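Participant: There's a structure below that I have some questions on.
The values are calculated or read from the model by the stated rules, or taken from the named source; none is laboratory data. Here the structure is a predicted model, which means the values were calculated and not measured. When we count neighbours, we look across all protein chains shown, and the Cβ atoms used for this are built from the backbone with ideal geometry, even at glycine. When the accessible area is computed, the model is the full protein with side chains, heavy atoms only, and any ligands, DNA or RNA have been set aside. Shrake-Rupley method; radii C 1.70, N 1.55, O 1.52, S 1.80 Å.
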Amino acid sequence: MTSISPAQQPRRVKATFLGPFAAALVAIMGVFTITIYLAEVSVRDRDLAERSAAVTRLFALKLDKDSNLMRAVVHAMKGNAAIEQAFRRGDRAGLERSARGLFETLRRDHRITHLYFTEPDRTNLYRLHTPTEYGDRIDRATMLQTYTRKEPVHGLELGPLGTLTLRLVAPWKAQGRELGFVEIGEEIKHLIDEVRDNLAVDLVVFVDKRYLAQAQWLRGQSLMKRQGEWDRFSSHVALAQTAVELPLALDNRLLVDLFAGHSARISDGGRSLHMAAVPLADAAGHPIGQIAILRDVTSLEATFKGYMTIVVLASLAVAGAVFAVFNAALERVERDYRRQHELEHRLLHLDTEHQRMLQLEKLSALGTMVGGIAHQLNNPLVGVVNMAQLAERENDNPAATRELLGEIRRAGEDCRVFVRRMLEFSKVSSFSSKPTAMAPLIEDTVLMFRQAERRHHPVEIQVPAEPVVLPIDPILIRHALFNLLQNAAQATQGDAPIVIGLEPEIDPVRKLPGWSLTVTDGGAGIPAHVMDKIFVPFYTTRSDGTGLGLPVVQHVALLHGGHVSASSEPEVGTRFAIWLPTNQKDAT
Ligand SMILES: Nc1ncnc2c1ncn2[C@@H]1O[C@H](COP(=O)(O)OP(=O)(O)OP(=O)(O)O)[C@@H](O)[C@H]1O
Ligand SMILES: [Mg+2]
C-alpha cells in the first residue's frame, strides 16, 4: 500500500531574509550617520586649526604694528631738543617736565603704559610711569639684545609682577655720543581683544608658573586690582583673557591635552566650546606659555543637530519604506511558496488516493469477474447436478434417463461455450497491427456472420469507393465487428437491415485524424439505465448472454489507440462506432 509522509513545513522565507535585511539596513544607516558625524567633526577641527594659525599670525602682526608705533614715538622724541638735553644731562626733573605731556598722551590715546630712560650701562635713569623707582640695572631680554646689537629690538616681556608687556628698546645716540636707551611698553590685553574681534574667538593667555614667583605675582594682582587664581591650574596661570570668566569645565587635564596640541570640546553653561592652543614665546625665545583659543560652536552645533535629525528621520523613513516594500514582496513570495507547497501536498495526496481507488477498482472488477464466472458456471452446474439426481432415480426408465442425459449434455455445452468466450476474451490481449484494407475485412466478417447466424439478417455495407487502409490487428477488429453484428441482430426483431459504415472522423478531444467503423441497427434500442453498464464485463440483459461482447469491443478499440461510443433511441435503433486512428503511433 502506498503511504504519504506528513506535509513538511515550508521554509520560512520571510524569517530567513527579513532579519539579515533589517540588520544590513541598520548597518547602512549607522555607517551613514557616523560618516556624516565624522565629516562634521573633521570640518570643525580643520576650521579651528585654521583659526589657531590665524590667531598666531594676527597676534604677531599686531605686535609688529604696535612696535612700529613705538618706533615712531622714539623717533619723535629724538627730535625733541628739551628731552634730549635732559637725557644728556641725566636730569630727572627735566625729563619729567619735557616728556610728561607726551607720555600722558601716549598713555591715554595709545595704551602705552611704560616709558623708561636708561643710561648706556643699562642703569635706569627715569621711569615716567613710576618716577620714584630708578637707579636699578635693567636686564630684560629686549634691553640686553639692544645693548649688544645697538639697534631697536621689540618683543614680549614677562614682568616679575605677572604682567605680559610688549617692549621696544631703542638706543639713543646724539652728536656722536651714546645717551643711553629709551624703552616703551604696553600691556597686551588690548591686542588679544583685537584678535578676538577679528577672528570671533575668545583667547586666554596662559603663562607657565616656572617663569613666575607666586608672591610677586600675587602682589602684582593686588596692585592691578585683579583677582587671578594662582591655584586653579597646577602648571599655568591665566594672565589675560578676552572673556570675563574662564569656563568651569576647563581643568588641569584638559589644559594638558590642549597644550599637547589636541583640540577639545566642552560645554559651558549651555554653550558648546571648541578649544585649541598655540604656543607663546617671549623676546628671549623662552616658551613662556600658551594662548588658548575658545570657539563658541553652540549655534553651529544646533544647526548641525537640526540637519542630522532631518537626515536621520529622512533615512529612517526611506529605510522604513524599503523595509515595508521588501516585507510585502517577501510575504507574497512566502504566500506563493506555501500555496505551491500545499498544492504539491494535495496533489501527492490525490495521487495516493487515485492509486488506492485503482486498487479498489481492480479488486472490485476482479470480484465482479469472479462473481460473473461463478454465476455463469453455477446455473448449468446446478442443472447438471439436479438432472443427474433425477437420472439416478429414473434408472429404470431409459427414455426419461436419455432425455435427462441430453439436458446434462446441453448444460455441459453451455459451460463449454462460456469457457470458449472466456478464452477468446483472454486472447484479445495479444495484439499485432499491420496496414489492412478495411473493405475486404468488413466483407469477410459479414460472410462469417451470415454463416453463423441462422436468421440470415440483411446487412448493408457502406464504405468509401477508394480503398481505406488502416494500421490494425485484423483478427481483433474482425472479432469486435462480429460482436457488434451479433448484438445488432439479437436486438432486431423484424427485417430492418443492419448497416456497416466506414467514414473519416477527427477525434474531437485529441484532434487526431481517424476513421469510424459503425454498426447501426433498427432494433429495440438501449434504455438509459442499461446504457451506463453495457461496457461492464459480465453485464448482460440476455438470459443466454455472457456480458463479454462489448467489453471485448472496447478493449480492442483501446488496444488500437481508439475508442468505442454508443448512441441509441428506444424502438428506433442503436449505433455503435469504433474510432480508429489513421496513425497509431500518434494515438498511443
Ligand atoms: N445493438 C444493441 N441493441 C440493444 N441492446 C444492446 C445492443 N448491443 C448490446 N446491447 C445490450 O448490451 C448488453 C451487453 O452486450 P454484450 O454484447 O456485452 O453482452 P451480451 O450480448 O448480453 O452477451 P454476449 O455478447 O456475451 O453473448 C446486452 O445484454 C444488451 O442488453
Ligand atoms: Mg453480445
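Participant: Hey, any idea what the orientation-averaged projected area of the convex hull of the range 82-197's Cα atoms comes to, in nm²?
Facilitator: 7.6
Participant: What would the Debye formula give as log10 I(q)/I(0) at q = 0.19, 0.21, 0.22 Å⁻¹ for the alpha-carbon point model of the range 262-340, no solvent?
Facilitator: Those come out to -0.90, -0.96, -0.99, one per q.
Participant: Please work out the FRET efficiency for the pair residue 381 and residue 337, using the Cβ-Cβ distance as r and a Förster radius of 51 Å; give the result to the nearest 0.05.
Facilitator: Rounded to the nearest 0.05, the efficiency is 0.20.
Participant: A follow-up question, please. From the backbone phi of the range 82-99, what are the Karplus-calculated ³J(HN,Hα) couplings (6.51 cos²θ - 1.76 cosθ + 1.60, θ = phi - 60°) in whole Hz, Gly and Pro given as x?
Facilitator: Going residue by residue, I get 5, 5, 4, 5, 4, 5, 4, 7, x, 9, 5, 5, x, 5, 4, 5, 7, 9 Hz, with x marking Gly and Pro.
Participant: Work out, step by step, the length gained on full extension between residue 344 and residue 316: first 0.36 nm times the residue separation, then minus their alpha carbon distance; give nm to one decimal.
Facilitator: Gain on stretching residue 344 to residue 316: 6.0 nm.
Participant: Put a dot 7 Å past each Cα toward the Cβ at residue 447 and residue 34; how far apart are the dots in nm?
Facilitator: 10.2
Participant: Please enumerate, by chain and number, the aspartates and glutamates with C-alpha under 14 Å from the C-alpha of residue 305, excluding those fewer than 8 residues away in the same chain.
Facilitator: Straight-line reach from residue 305, under 14 Å: 40.
Participant: What accessible area per residue comes out for the chain, rounded to a whole number of Å², with a 1.4 Å probe?
Facilitator: Ligands and nucleic acids excluded, the figure is 56 Å² per residue.
Participant: OK, next. Charges at C-beta only: +1 for Lys and Arg, -1 for Asp and Glu. How large is the resulting dipole of the range 284-399 about its Cα centre, in Debye rounded to 20?
Facilitator: About 720 debye.
Participant: When you count, for each residue, the other Cβ atoms within 10 Å and take the mean per peptide, how do 245-253, 569-577 rank with the highest first?
Facilitator: Descending mean neighbour count gives 569-577, 245-253.
Participant: Moving on to the next point. Quick one: if the Förster radius is 60 Å, what FRET efficiency do residue 388 and residue 460 give, using the C-beta to C-beta distance and rounding to 0.05?
Facilitator: Efficiency for this residue pair is about 0.80.
Participant: Among 37, 337, 116, 539, what's the order by accessible area (1.4 angstrom probe), most exposed first?
Facilitator: Result, largest first: 37, 337, 539, 116.
Participant: With charges only on Cβ, +1 for K and R and -1 for D and E, what is the dipole size of the chain about its Cα centre, in debye, rounded to 20?
Facilitator: 3180
Participant: What aspartates and glutamates does residue 585 reach when the alpha-carbon gap must be under 15 Å and sequence neighbours fewer than 8 apart in one chain are set aside?
Facilitator: Qualifying aspartates and glutamates at Cα under 15 Å: 473, 507.
Participant: So, one more: Any of 65/173; 65/150; 65/189; 150/173 with alpha carbons more than 19 Å apart? Name them for me.
Facilitator: Listed pairs above 19 Å: 65/173; 65/150.
Participant: Full-extension gain between residue 284 and residue 511, please, as 0.36 nm times their residue separation minus the C-alpha to C-alpha distance.
Facilitator: Contour length minus Cα-Cα distance gives 70.2 nm.
Participant: Expected output is a single nm value to one decimal: the length gained when fully extending between residue 353 and residue 298, i.e. 0.36 nm times separation in residues minus the C-alpha distance. What is it?
Facilitator: 11.9 nm
Participant: With r as the distance between the Cβ atoms of residue 252 and residue 81 and R0 = 60 Å, compute the FRET efficiency 1/(1 + (r/R0)^6) and round to 0.05.
Facilitator: 0.60
Participant: Here's something else I'd like to know. Restricting to the chain, what percent of DSSP beta bridges are antiparallel, rounded to 5?
Facilitator: Percent antiparallel among DSSP bridges in the chain is about 95.
Participant: Would any residue of the range 554-588 have its amide N under 20 Å from a label point 7 Å out along Cα→Cβ of residue 475? List them or say none.
Facilitator: The answer is 554-562.
Participant: Tell me which of 244, 304, 69 sits at the most positive position along the dipole axis of the chain, charges placed on C-beta atoms (Lys, Arg +1; Asp, Glu -1).
Facilitator: The one lying farthest along the dipole's positive direction is 69.
Participant: In deg cm²/dmol and to the nearest 500, what is the mean residue ellipticity at 222 nm of the chain if only DSSP H runs of at least 4 residues count, each as -39500 (n - 2.57), divided by the residue total?
Facilitator: After summing the helix terms and dividing by residue count, I get -18500 deg cm²/dmol.
Participant: Can you give me the Cα centroid spacing of the range 99-148 and the range 46-68 in angstrom?
Facilitator: 27
Participant: Out of the total accessible area of the chain (probe 1.4 Å, heavy atoms of protein only), what percent is carbon and sulfur?
Facilitator: The value for the chain is 58 percent carbon and sulfur by accessible area.
Participant: Using a 7 Å offset from the Cα along the Cα-to-Cβ direction at both residue 64 and residue 190, what is the distance between the two label points in nm, to one decimal?
Facilitator: 2.1
Participant: Please compute the Kirkwood hydrodynamic radius of the chain from all pairs of different C-alpha atoms, in Å with one decimal.
Facilitator: It is 37.7 Å.
Participant: Mind putting together the pair-distance distribution for the range 438-588? All Cα pairs, 5 Å bins, whole percent per bin, short to long.
Facilitator: Here the calculated profile for the range 438-588 is 2, 9, 19, 23, 22, 15, 7, 2, 0.
Participant: So if I place +1 on the C-beta of Lys and Arg and -1 on the C-beta of Asp and Glu, and nothing else carries charge, what would the dipole magnitude of the range 31-125 be about its Cα centre? I want it in debye, nearest 20.
Facilitator: The calculation lands at about 320 debye.
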